[in-house]
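Peer 1: First, the structure itself, so that you have it in front of you.
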Amino acid sequence: MSRRKLIRTKSKFLNWILDWVDAIIFAVVVVTLINIFFFQAFKIPSSSMESSLYTGDHLFVSKMTYGARMPQTPLTIPFTHNVIFGKESYSTSVQWKYRRLPGIREVRRGDCVVFNFPNGDTVLCKAPSEDYYALQRFYGRETVAKMGPFVVRPSDKKDHYVKRCVAVAGDTLEVRDGLVWVNGEQQTVYPGVQLTYTVRTKGQKLNARTLEKLGINQAELYYNPALPGYPAMPLTAEMLKEIESNPGVESVEPNLESQQVDYREIFPFSPDYHWSRDSFGPLWIPQKGVTVELTEENLPLYERIISSYEGASVEEALRQGSYTFKQDYYFMMGDNRHNSLDSRYWGFVPEDHIVGKPFIVWLSTDRTKRFPQNIRWRRFFRIV
């Protein structure tokens with residue numbers, strides 16, 4: 001091959017490489033902008049929102065509904081949230097202030113909302129799914145410090161959660177016998193909301209296909225032959241009617257906690273508040289610009305807001321005897337009310353933690369089954 005032909009061949013190859021590099025960079029930029037300003041794909045990792053959203057549901061989440069949140073941690077590896085190959089996928093050397101573009105509307109009661117986990121600012125590297133602050137309450141700071149290294153994450157790099165907003169800023173929330181009341185009125189029980197029940201059978205397990213048709217998650221269902229029956233069967237109101245009419249069922253009773261089991265489990269983690277998952281509140285949801293009287297008695301309700309979310313001095317607020325909130329807050333609960341770690345267990349969700357609103361399920365897979373039986377065809381393109 002002549003020298004001129006060799007140079008021409010190398011030039012063509014180099015141009016081909018550069019064309020591909022340009023196309024990849026363009027695609028990365030376009031997808032990143034779409035994820036920031038328009039919508040982003042998420043996957044449901046747990047059963048906390050069943051039977052509204054199932055484990056394995058793949059969602060598109062609208063950023064425009066509540067307004068796109070500008071990146072606060074811009075130095076991030078593309079297409080990652082906070083971890084890649086077991087390491088943090090971002091740098092905190094550059095941090096921008098919280099800003100949000102105008103949205104179509106505000107967060108409303110009843111909305112399914114994706115947000116950053118409020119307690120996710122500190123994460124144990126060896127147990128990233130555990131609530132760091134819950135571990136401290138149960139085992140003490142010194143014991144948790146010995147559990148290994150931890151990372152501190154900015155608010156936009158905390159793990160993503162999805163729950164239903166049951167109360168917005170300015171509301172007064174209460175849970176009575178597992179039912180949500182806001183401002184003195186009982187709220188709508190959405191079709192997917194479920195509680196657990198003790199289902200006593202006539203000595204045998206219920207037919208697996210019958211349970212599957214009802215949409216009951218059998219992966220989390222336990223049959224106790226000594227009962228005999230199921231000590232914690234999650235049921236919606238519609239499922240409950242079907243189970244009660246099943247000829248193999250002896251009785252059905254709701255598993256309601258009327259008394260607190262351990263104050264360290266339930267917000268605000270104070271022995272002065274005798275709340276439980278099914279008997280909670282009344283609790284006022286903080287609203288931007290509103291000033292509350294601050295005392296030693298109600299400090300447990302607002303201490304984390306003052307110190308962590310708004311960066312103010314708790315001591316100064318107590319000395320003044322009042323505090324004015326700088327942003328709105330929300331109260332979130334999972335539809336699987338007895339199998340959901342939500343605001344009852346870690347408190348309020350700040351407005352600057354809101355990510356977006358799920359609007360459609362574009363794919364749904366069942367991890368307990370093999371392909372193609374694992375595809376939930378009926379959930380394709382279901383509006384949330």
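The values are calculated or read from the model by the stated rules, or taken from the named source; none is laboratory data. All values derive from a computational prediction rather than experimental measurement. All Cβ positions, glycine included, derive from the backbone under ideal geometry; neighbour counts span all protein chains shown.
Peer 1: Residues of the range 74-95 being assigned to a loop (DSSP other than H, G, I, E, B) and buried (at least 21 other Cβ atoms within 10 Å of the Cβ), which ones?
Peer 2: Of all residues in the range 74-95, those assigned to a loop (DSSP other than H, G, I, E, B) come to 74-75, 77-82, 85-86, 89, 91-95.
Selection gives ASN82 alone.
Peer 1: Could you list all residues from the range 276-288 that are assigned to a loop (DSSP other than H, G, I, E, B) and either more than 21 Å from MET332 (Cα to Cα) or touching a strand residue (DSSP E or B) at 6+ places or on another chain (Cβ under 7 Å) (or both)?
Peer 2: ASP278, ILE285, PRO286
Peer 1: Something else about it: Yes or no: GLN373 in a loop (DSSP other than H, G, I, E, B) and closer than 16 Å to ALA167 by Cα?
Peer 2: No: the conditions fail for GLN373.
Peer 1: I would also like to ask the following. Given the conditions (1) out of contact with any Asp or Glu (no Cβ under 7 Å at 6 or more places or on another chain); (2) surrounded by fewer than 17 Cβ atoms within 10 Å (Cβ to Cβ), which single one is not true for TYR98?
Peer 2: Of everything listed in (1) out of contact with any Asp or Glu (no Cβ under 7 Å at 6 or more places or on another chain); (2) surrounded by fewer than 17 Cβ atoms within 10 Å (Cβ to Cβ), TYR98 misses just condition (1).
Residue-wise test of (1) free of Cβ contacts under 8 Å to residues at least 12 places away in the same chain; (2) surrounded by fewer than 16 Cβ atoms within 10 Å (Cβ to Cβ); (3) within 21 Å of ASP335 (Cα to Cα).
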{"position": "VAL29", "(1), (2), (3)": "yes, yes, no"}
{"position": "GLN40", "(1), (2), (3)": "no, no, no"}
{"position": "ASP57", "(1), (2), (3)": "no, no, yes"}
{"position": "SER62", "(1), (2), (3)": "no, no, yes"}
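Peer 1: For the range 64-88, give me the residue count where each residue is within 14 Å of LYS43 (Cα to Cα) and touching a residue at least 60 places away in the same chain (Cβ under 8 Å).
Peer 2: 1
Peer 1: Mind listing whichever residues of the range 305-333 are outside any strand (DSSP E or B), in contact (Cβ under 8 Å) with a residue 60 or more places away in the chain and of a type outside the set (Asp, Glu)?
Peer 2: If the condition is that a residue be outside any strand (DSSP E or B), in contact (Cβ under 8 Å) with a residue 60 or more places away in the chain and of a type outside the set (Asp, Glu), then SER308, TYR309 are the ones that fit.
Peer 1: Quick one: LYS157 ticks every box in (1) among the basic types (Lys, Arg); (2) touching a residue at least 12 places away in the same chain (Cβ under 8 Å); (3) out of contact with any Ser or Thr (no Cβ under 7 Å at 6 or more places or on another chain) except a single one, so which number is it?
Peer 2: Among (1) among the basic types (Lys, Arg); (2) touching a residue at least 12 places away in the same chain (Cβ under 8 Å); (3) out of contact with any Ser or Thr (no Cβ under 7 Å at 6 or more places or on another chain), LYS157 violates only (3).
Peer 1: Take the conditions in the same structural domain as GLU50 (by TED's automatic domain parsing), surrounded by fewer than 16 Cβ atoms within 10 Å (Cβ to Cβ), over 24 Å from PHE138 (Cβ atoms) and of a type in the set (Asp, Glu) and apply them to GLU310. Does it pass?
Peer 2: Values: in the same structural domain as GLU50 (by TED's automatic domain parsing): yes; surrounded by fewer than 16 Cβ atoms within 10 Å (Cβ to Cβ): no; over 24 Å from PHE138 (Cβ atoms): yes; of a type in the set (Asp, Glu): yes.
Taking the combined requirement at face value, the residue does not satisfy it.
Peer 1: Then there is this: (1) over 30 Å from GLU106 (Cβ atoms); (2) in contact (Cβ under 8 Å) with a residue 12 or more places away in the chain: which one isn't true of SER245, the others all being true?
Peer 2: (2)
Peer 1: Answer yes or no as to whether GLU250 is acidic (Asp, Glu), outside the structural domain of PRO286 (by TED's automatic domain parsing) and within 28 Å of the chain's Cα centre (by Cα). Show your work before the answer.
Peer 2: Numbers: acidic (Asp, Glu): yes; outside the structural domain of PRO286 (by TED's automatic domain parsing): yes; within 28 Å of the chain's Cα centre (by Cα): no.
The answer is no for GLU250.
Peer 1: Could you count how many residues in the range 29-73 are in a loop (DSSP other than H, G, I, E, B) and touching a Phe, Trp or Tyr at 6+ places or on another chain (Cβ under 9 Å)?
Peer 2: Within the range 29-73, residues that are in a loop (DSSP other than H, G, I, E, B) and touching a Phe, Trp or Tyr at 6+ places or on another chain (Cβ under 9 Å) number 12.
Peer 1: Out of LYS213, LYS163, I need the residue that is closer than 26 Å to ASP366 by Cα and in a helix (DSSP H, G or I). Which one?
Peer 2: After ruling out the rest, the residue left standing is LYS213.
Peer 1: Okay, moving on. Out of curiosity, is GLU316 farther than 30 Å from SER48 by Cα, out of contact with any Ser or Thr (no Cβ under 8 Å at 6 or more places or on another chain) and modelled with pLDDT of 95 or more?
Peer 2: yes
Peer 1: If you scan the range 198-211, which residues turn out to be touching a helix residue (DSSP H, G or I) at 6+ places or on another chain (Cβ under 7 Å) and either without any contact (Cβ under 8 Å) to a residue 24 or more places away in the chain or not β-branched (Val, Ile, Thr) (or both)?
Peer 2: Result: ALA208, LEU211.
Peer 1: So, one more: What about VAL151, is it touching a residue at least 24 places away in the same chain (Cβ under 8 Å) and under 19 Å from the mean Cα position of the chain (by Cα)?
Peer 2: No: the conditions fail for VAL151.
Peer 1: Quick one: count up the residues across the range 252-280 that are charged (D, E, K, R), under 24 Å from LYS241 (Cα atoms) and surrounded by 13 or more Cβ atoms within 10 Å (Cβ to Cβ). Give the steps one after another, and end with the answer.
Peer 2: So the first thing to find is which residues in the range 252-280 are charged (D, E, K, R), and the list is 253, 257, 262, 264-265, 272, 277-278.
Still in the running and under 24 Å from LYS241 (Cα atoms): 253, 257, 277-278.
Adding the requirement that they be surrounded by 13 or more Cβ atoms within 10 Å (Cβ to Cβ) leaves 257, 277-278.
Residues meeting the conditions: 3.
Peer 1: In the range 182-197, what count of residues is obtained for those that are of a type outside the set (Gly, Ala, Ser), surrounded by fewer than 22 Cβ atoms within 10 Å (Cβ to Cβ) and touching a residue at least 60 places away in the same chain (Cβ under 8 Å)?
Peer 2: The total comes to 6.
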